[in-house]
Amino acid sequence: MAVPTEDLEKYQRAGKIAREVREEIKRTVREGMPIIDICEKAETLTREKGGKPAFPCNVSVNEIAAHYTSPPKDKQTIPERSIVKVDIGVHVDGYIADTATSVCFDSEYDYMVNTAEEALEKAVELLRPGLSITRFGSTIQKTIKTRGFKPVSNLTGHLIRRYLIHAGKSLPNIFNLSTSRIKEGEVYGVEPFVTVAKAAGRVENLREAHIFRYAKNKSLKDPYAKRLLDHIRKNFMTLPFTERWLSKFASSSGYKTAFSELLSSKAVVGYPVFVEASRNLVAQAEHTVLVVKDGCVVLT
Ligand code: MN
Ligand code: MN
């Protein structure tokens, strides 16, 4: 089924904003730069261009593969000779574009970054209605392996639906047994993650989480926690958010206790930071694509 014109127009607007923000951020990231400045710049640009962040800007350095965003007052900076993944999400009325790029400050990593981009290009070439997810995964794996690298096995692309960044269906970047096929009208975040051949080639969770989302309504003891939850649900719905976006609450004395209650009651859940299990470097490239009759269209 083709996408209705109005939805398509919103996807395209979100895609254009995400692309412009990605390119501008790519030009500005420098060694020594505070990570929080990068996150805030990406999110501010998104709003200035008429979109909303679909999730907090992720800035994941070296062996951190994904899901790092600055907590409030973050002091971390971009290390020298590092490889930095910047992952940007934009939505227009819930229609999401998700895109990422890797910037590196050591030419030694250029080929790995280039391999992630090649794998993404290959994925875009492949995607069309009827393509099996099995064939997709094995082709991406082969593309990465041929160049002497390894795909991260447990990070996948994903189906996107309105207000849902991970809408159930995954696009693994390795061989997998699946009976599932690509369908016309589907929107995917396509994102190969690449690491070195000697690495474990998978990610594990760190204990820290700086990205959260509303999970379910809970009866809460603390009236302040209840108010905070209402605010989160109303403003971010099912989309991920950061505590940086709750600054008007953070100045009040009850904030810390209230936010802890939201987490302990599981009304709000965290996305832990993903680190490569053997602590090797990771590169990523991502586009959002719309599957059309005879292939796919890159929205970002
Ligand atoms: Mn992404
Ligand atoms: Mn994604």
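The values are calculated or read from the model by the stated rules, or taken from the named source; none is laboratory data. Treat the numbers as computed from the prediction; the structure is a model and nothing was measured. As a convention, Cβ positions derive from the backbone with ideal geometry for all residues, glycine included, and neighbour counts pool all protein chains shown. When the accessible area is computed, the model is the full protein with side chains, heavy atoms only, and any ligands, DNA or RNA have been set aside. Shrake-Rupley method; radii C 1.70, N 1.55, O 1.52, S 1.80 Å.
Couple of notes before you dig in:
- MRE, 222 nm, helices only [DSSP H, n ≥ 4, -39500 (n - 2.57), over the chain, to nearest 500]: -10500 deg cm²/dmol
- Using alpha-carbon coordinates, inclination of helix 35-48 to the longest axis of the chain, degrees: 90 degrees
- Cα radius of gyration and Dmax for the range 92-229 (Å): 18.1, 57
- Measuring how big the range 147-191 is from its alpha-carbon positions, Rg and Dmax come out at 11.7, 37 Å.
- Pairs of C-alpha atoms in the range 211-273 farther apart than 13 Å represent 57 percent of all such pairs.
- Estimated FRET transfer efficiency when R0 is 30 angstrom, pair Leu177-Glu121 (beta carbons, to 0.05): 0.75
- Rg and Dmax over the alpha-carbon atoms of the range 81-128 stand at 13.6, 41 Å.
- Counting only protein heavy atoms and a probe of 1.4 Å, the accessible surface of the chain is 50% carbon and sulfur.
- Using R0 = 41 Å, the C-beta based FRET efficiency linking Ser247 and Ala197 works out to 0.40.
- Reach of Lys145 by Cα under 24 Å, taken over lysines that are not fewer than 8 positions away in the same chain: Lys85, Lys122, Lys198
- Take every pair of alpha-carbon atoms less than 8 Å apart whose residues are at least six positions apart; their mean separation over the length of the range 21-125 yields a relative contact order of 27 percent.
- The alpha carbons of the chain stretch over 56, 47, 36 Å along the principal axes, in descending order.
- Taking label positions 7 Å along the Cα-Cβ direction at both Asn114 and Arg162, the computed distance is 4.4 nm, reported to one decimal.
- Between the beta carbons of Lys142 and Glu24, assuming R0 = 25 Å, the FRET efficiency works out to 0.15 to the nearest 0.05.
- Reachable lysines from Lys248, criterion Cα separation under 16 angstrom, eight or more residues apart if same chain: Lys73, Lys226, Lys234, Lys256
- Structural descriptor for the chain: relative contact order 24 percent, calculated from alpha carbon pairs under 8 angstrom and at least 6 residues apart.
- Pair Met33, Ser219: separation of 7 Å Cα→Cβ label points (nm): 5.0 nm
- Relative intensity of the range 1-134 on a log10 scale, I(q)/I(0) at q = 0.13, 0.19 Å⁻¹, equals -0.61, -1.12, per a Debye sum over C-alpha point scatterers of equal strength in the absence of solvent.
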